[in-house]
Amino acid sequence: MSEAITRHYGSAGLASRVVEALRAFEGPDVPITPEGLAPFDHFHGCGLAGTKDVAKWLAPRPGERLLDIGSGIGGPARWFAAKYGVQVTGVDLTPEFCAAAETLNAMTGLADRVRILEGSALALPLPDGAYDAAYSQNVIMNIADKPLFCREAFRMLRPGGRLALSNLCAGPGGEPYFPVPWATTRDASFLESPESMRANLAAAGFEIVEFRDVTPELVDAQRRVRDRGENRKVPPIAVDIIMGERAPEMRLNSLRTIEDGRAIAIEALARRPEQ
Ligand SMILES: C[S@@+](CC[C@H](N)C(=O)[O-])C[C@H]1O[C@@H](n2cnc3c(N)ncnc32)[C@H](O)[C@@H]1O
């Protein structure tokens, strides 16, 4: 199963494509910063706006240790490190994404504050209780064993540690229209109901602090992207750069999937109890 996932996501030359996109829109001498790269390297439905929602909930304090589970090409991890003065560890299954993240960490001068490990969310290669906070954006859709995902996230946090999640859950309308940005076929897509997501978090030991349906916001964001059409004056977004020529079909299928009630966007904040 993990092969279906890494095959879906991985491709060569990702870091160069991201930097080329930034330079094409901001000029050849633009500084390479996490904020400048953000339109191109936050690879989830609402882009930087979605990462800002996570930040509002986690409210990271300088010096805290954050874990990004399924860190992609590292955009959110760099953005958190630069904006909040935190140390971030990112773990991701896709080797090409880890390599791109490391290149971009070095180019933004953040290699000492953002560490990337290739590995699975289901067997995190890290010690118990090592993090003050963790987040995972649009990753759980690729994970069949959701109870184990929740137990691993719980294990990573110190008592009182926070976990912020953005996830697409199953809607009542049937399965997604494939290919979508997170899966080429059903082999790599595992959507659960919102009720099951809550139950899995609670069973792992988490207290659920917030649990919001953000489907309308996601539909608005995806319709704005659709409506810009092939206007070359508008910068591409992360999915275009990362998924290449497959992206337009995936974007439209994702929007149809959500509009037809086949997926529900959830943002959640959970906490590991103090005791
Ligand atoms: C849609 S991308 C989101 C990337 C990143 N969270 C972001 O928002 O920019 C999903 C990511 O989940 C990763 N992933 C999927 N299954 C995983 C697993 N079992 N363990 C670790 N990473 C996984 C993929 O490699 C991919 O980078």
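The values are calculated or read from the model by the stated rules, or taken from the named source; none is laboratory data. What you are looking at is a predicted structure, and each value in this text was computed from that prediction instead of being measured. In this analysis, Cβ positions are derived from the backbone assuming ideal geometry, glycine residues included, and neighbour counts consider all displayed protein chains.
Can you say whether THR51 is surrounded by 19 or more Cβ atoms within 10 Å (Cβ to Cβ) and either of a type in the set (S, T, N, Q) or closer than 25 Å to PHE154 by Cβ (or both), as far as the supplied structure shows? So that I can check it myself, show each step before the final result.
Details: surrounded by 19 or more Cβ atoms within 10 Å (Cβ to Cβ): yes; either of a type in the set (S, T, N, Q) or closer than 25 Å to PHE154 by Cβ (or both): yes.
Against the criterion (surrounded by 19 or more Cβ atoms within 10 Å (Cβ to Cβ) and either of a type in the set (S, T, N, Q) or closer than 25 Å to PHE154 by Cβ (or both)), THR51 qualifies.
Going by what's in this entry, would ASP53 be described as part of a loop (DSSP other than H, G, I, E, B) and among the charged types (D, E, K, R)? Don't jump to the end; show me each part of the working.
Details: part of a loop (DSSP other than H, G, I, E, B): no; among the charged types (D, E, K, R): yes.
In short, no.
Given the condition within 25 Å of PRO147 (Cα to Cα) and either near the ligand (Cβ under 8 Å from one of its atoms) or touching a Leu at 6+ places or on another chain (Cβ under 8 Å) (or both), answer yes or no: does some residue in segment 100-115 qualify? Working first, answer last.
Taking segment 100-115 as the starting set, the residues that turn out to be within 25 Å of PRO147 (Cα to Cα) are none.
No, there is no match, as no residue in segment 100-115 is within 25 Å of PRO147 (Cα to Cα) and either near the ligand (Cβ under 8 Å from one of its atoms) or touching a Leu at 6+ places or on another chain (Cβ under 8 Å) (or both).
From the list ARG61, ARG17, ARG78, ARG23, which residue is among the basic types (Lys, Arg) and either modelled with pLDDT under 95 or touching a strand residue (DSSP E or B) at 6+ places or on another chain (Cβ under 6 Å) (or both)? Break it down into steps so the answer makes sense when it comes.
Details: ARG61 fails: either modelled with pLDDT under 95 or touching a strand residue (DSSP E or B) at 6+ places or on another chain (Cβ under 6 Å) (or both); ARG17 fails: either modelled with pLDDT under 95 or touching a strand residue (DSSP E or B) at 6+ places or on another chain (Cβ under 6 Å) (or both); ARG23 fails: either modelled with pLDDT under 95 or touching a strand residue (DSSP E or B) at 6+ places or on another chain (Cβ under 6 Å) (or both).
After applying the criteria, what remains is ARG78.
State yes or no: is ALA221 of a type in the set (Gly, Ala, Ser) and surrounded by 17 or more Cβ atoms within 10 Å (Cβ to Cβ)?
For ALA221, the condition - of a type in the set (Gly, Ala, Ser) and surrounded by 17 or more Cβ atoms within 10 Å (Cβ to Cβ) - is met.
Could you please tell me which pairs satisfy a Cβ distance under 7 Å, a separation of 6+ or placement on different chains, a first residue in segment 1-27 that is without any contact (Cβ under 8 Å) to a residue 40 or more places away in the chain, and a second residue that is within 14 Å of the ligand (Cβ to nearest atom) and of a type outside the set (Phe, Trp, Tyr)?
Hits for this filter: LEU22/LEU37.
Output the qualifying pairs, or none if there are none: Cβ atoms under 6 angstrom, residues six or more apart or on different chains, first residue in segment 245-258 and over 15 Å from TYR9 (Cα atoms), second residue of a type in the set (A, V, I, L, M, F, W, C) and surrounded by fewer than 20 Cβ atoms within 10 Å (Cβ to Cβ).
As it stands, the answer is ILE258/VAL219, since those pairs meet every condition given.
Each row is one residue, and each column tells you yes or no for (1) more than 13 Å from the chain's Cα centre (by Cα); (2) among the charged types (D, E, K, R); (3) more than 10 Å from the ligand (Cβ to nearest atom).
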residue: GLU3; (1), (2), (3): yes, yes, yes
residue: ARG17; (1), (2), (3): yes, yes, yes
residue: PRO34; (1), (2), (3): yes, no, yes
residue: PHE43; (1), (2), (3): no, no, no
residue: THR51; (1), (2), (3): no, no, no
residue: VAL54; (1), (2), (3): no, no, no
residue: GLY63; (1), (2), (3): yes, no, yes
residue: LEU66; (1), (2), (3): yes, no, yes
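Does segment 20-29 include one or more residues that are surrounded by 19 or more Cβ atoms within 10 Å (Cβ to Cβ), in a helix (DSSP H, G or I) and more than 14 Å from the ligand (Cβ to nearest atom)?
As a first pass, look at segment 20-29 and keep what is surrounded by 19 or more Cβ atoms within 10 Å (Cβ to Cβ): 21-22.
Subset that is in a helix (DSSP H, G or I): 21-22.
Subset that is more than 14 Å from the ligand (Cβ to nearest atom): 21-22.
Looking through segment 20-29, at least one residue is surrounded by 19 or more Cβ atoms within 10 Å (Cβ to Cβ), in a helix (DSSP H, G or I) and more than 14 Å from the ligand (Cβ to nearest atom).
Keeping to segment 126-157, report how many residues are more than 11 Å from the ligand (Cβ to nearest atom) and exposed (fewer than 15 other Cβ atoms within 10 Å of the Cβ).
4
Of all residues in segment 256-265 being surrounded by fewer than 21 Cβ atoms within 10 Å (Cβ to Cβ) and not in a loop (DSSP other than H, G, I, E, B), which is farthest from the ligand (Cβ to nearest atom)?
GLU259
In segment 30-48, which residue that is touching a residue at least 60 places away in the same chain (Cβ under 8 Å) and in a helix (DSSP H, G or I) is surrounded by the most Cβ atoms within 10 Å (Cβ to Cβ)?
Of the residues in segment 30-48, the ones touching a residue at least 60 places away in the same chain (Cβ under 8 Å) are 32-34, 37, 39-47.
Those left that are additionally in a helix (DSSP H, G or I): 34, 37, 39-41, 47.
Working: PRO34: 25, LEU37: 25, PRO39: 19, PHE40: 26, ASP41: 32, GLY47: 21.
Ranking the candidates gives ASP41 first.
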